[in-house]
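Q: Below you will find the structure I want to go over with you.
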Ligand code: GRF
């Protein structure tokens with residue numbers, strides 16, 4: 001697949017996906033790192049890895065135009081799969097339609113808990129700790145028109161410890177994200193992801209042929 005990664009922040013998930021493509025864990029290429037802000041750390045990482053970059057800023061009151069400008073960048077780069085990695089803008093309808101079931105997001109909680117508008121970054125872990133959950137984790141889901149509501153493709157748990165702070169829990173979840181995201185993208189490469197309404201079924205891996 002030709003992957004475009006959209007990121008607004010530091011870009012550690014961007015890095016983990018690029019590294020997986022470079023090490024052969026993924027067969028895809030990352031063809032674009034796109035951000036809504038010039039200061040995104042992900043853009044610095046992209047340049048270090050020679051991944052093409054683009055910045056598309058939303059403009060107030062012209063969401064249609066934002067969608068078209070995003071689409072032009074994505075299609076211009078030849079992207080056929082979109083990976084959201086800490087991208088904080090709502091994805092416009094026309095982009096969702098163009099990449100239906102080919103756009104994923106990663107969220108640092110076990111959705112549907114602690115998702116939705118305002119639930120990003122530290123807020124997620126503060127809310128999880130305030131609720132007293134004993135496990136948290138990461139969720140990879142398909143992207144639909146709301147924040148964090150699309151069909152769930154994969155989840156992985158981490159324990160919440162009695163002395164956890166939002167920072168220590170965030171670090172433990174992020175570490176899991178860095179393996180979960182490439183592994184989940186691999187399922188799409190292998191054509192093993194089947195979407196039935198809200199439910200995603202992961203097909204069994206095809207056994208590799210015995211050379212003997
Ligand atoms: C991650 O926690 C991810 O779950 C969320 O945004 C954060 C991005 O971190 N969607 P990074 O920029 O990839 O380091």
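Q: So which residue, out of 40, 128, 97, gets the largest mean-square fluctuation from a GNM of the chain using Cα contacts under 10 Å as springs?
A: Among 40, 128, 97, the largest GNM mean-square fluctuation belongs to 97.
Q: Cut-off is 10 Å between beta-carbons; in what order do 209, 167, 183, 73 appear when sorted fewest neighbours first?
A: Ranking 209, 167, 183, 73 by Cβ neighbours within 10 Å, fewest first, gives 209, 167, 183, 73.
Q: Below 8 Å, C-alpha to C-alpha, sequence gap of six or more: please give me the relative contact order for the range 1-118 in percent.
A: Relative contact order comes out at 30 percent.
Q: Taking Cα atoms of the range 62-212, Rg/Rh with Kirkwood Rh, to two decimals? Before the final figure, lay out each step's value.
A: On the way: Rg = 17.0 Å, Rh = 16.7 Å.
We get a ratio of 1.02 for the range 62-212.
Q: Percent of Cα-Cα pairs more than 20 Å apart in the range 95-163, please.
A: 29 percent
Q: Among 49, 178, 196, which one moves the most in a GNM of the chain with springs linking Cα atoms closer than 10 Å?
A: 196
Q: Moving on to the next point. How high is the relative contact order of the range 100-212? Use alpha-carbon pairs under 8 Å, at least six apart in sequence, and give a whole percent.
A: 25 percent
Q: If we count other beta carbons within 10 Å of each Cβ, what is the order of 33, 157, fewest first?
A: 157, 33
Q: I would also like to ask the following. Arranged by the count of other C-beta atoms within 10 angstrom, fewest first, what order do 82, 152, 5 take?
A: Values: 82 25, 152 18, 5 29.
Fewest-to-most ranking of 82, 152, 5: 152, 82, 5.
Q: In percent, how large is the relative contact order of the chain, given Cα pairs closer than 8 Å and 6 or more residues apart?
A: Dividing the mean separation by the residue count of the chain yields 19 percent.
None of the figures in this text is laboratory data; all of them are computed from the coordinates on show. Everything numeric in this text was worked out from a predicted model, so none of it was measured. Glycine gets a Cβ as well: all are built from the backbone with ideal geometry, and neighbour counts include every protein chain shown.
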